[in-house]
Amino acid sequence: MSHMGYGCPMAMDRDHVLRAAAALLARKSTSTMDEVARAAGIGRATLHRHFAGRDALVRALEQLGIQEFEAAIDRARLDDDGADEALRRLIGELQPAADLLAFLYTENQLFEGDEINEGWARLDARVSDLFRRGQNEGEFRIDLTPAWLTEALYALVGSCAWAVMDGRVAKKDFQHMTAELLLGGAVRRVDQ
């Protein structure tokens, strides 16, 4: 009987391996392929059938990250309500993928290869459009470019994900902490 006859189909196995790798690498980005295989509950040989090496694994994780990010954008309904409310929804929708996105944000592979850049460029454009709309509608500062606000969002999502993993921020506070710092800055206003 073939390997496919047992357990899950290969595609589900691959998805399980990717998610286990994402969880491990988000906590410890220097994890070896052996450690990834152990975390996924499979042998190293099986892992290598799915992914030829660490680069192939990271590229697959990147594709997963792009898909997760795009799905979060879709769920956040960025064109509904004001831009600030849409941004808060987006941050909330990004939270389940924040650990993976934090890992990917730090990986050099993000900046290699036209095909992968196209996926990130598409996401960047959608998020930048939200910031631009907020500026045009008078909700967001106009002295900061949409591109910079987009980068700041990514950095804060990543930083907050790490802070949650390290126990410095409660998971339930992820959306609030990220949104409030991005939208309000660190300057104390009289009404606070």
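Taken together, the values in this text are just the output of simple stated rules run on the coordinates, not laboratory data. Predicted model only: the values in this text are computed from it and were never measured. Cβ sites come from the backbone with ideal geometry, for glycine too, and all protein chains shown count toward neighbours.
Throw me the Rg/Rh for the chain, computed over C-alpha atoms with Kirkwood Rh, two decimals.
That ratio equals 1.03.
Mind checking the angle between helix 10-27 and the chain's longest principal axis? C-alpha axes, 0 to 90 degrees, to the nearest 10.
Tilt relative to the chain: about 60 degrees.
Along the positive direction of the dipole of the chain (beta-carbon charges: Lys, Arg +1; Asp, Glu -1; about the Cα centre), which of 83, 152, 41 reaches farthest?
Most positive-ward Cα: 41.
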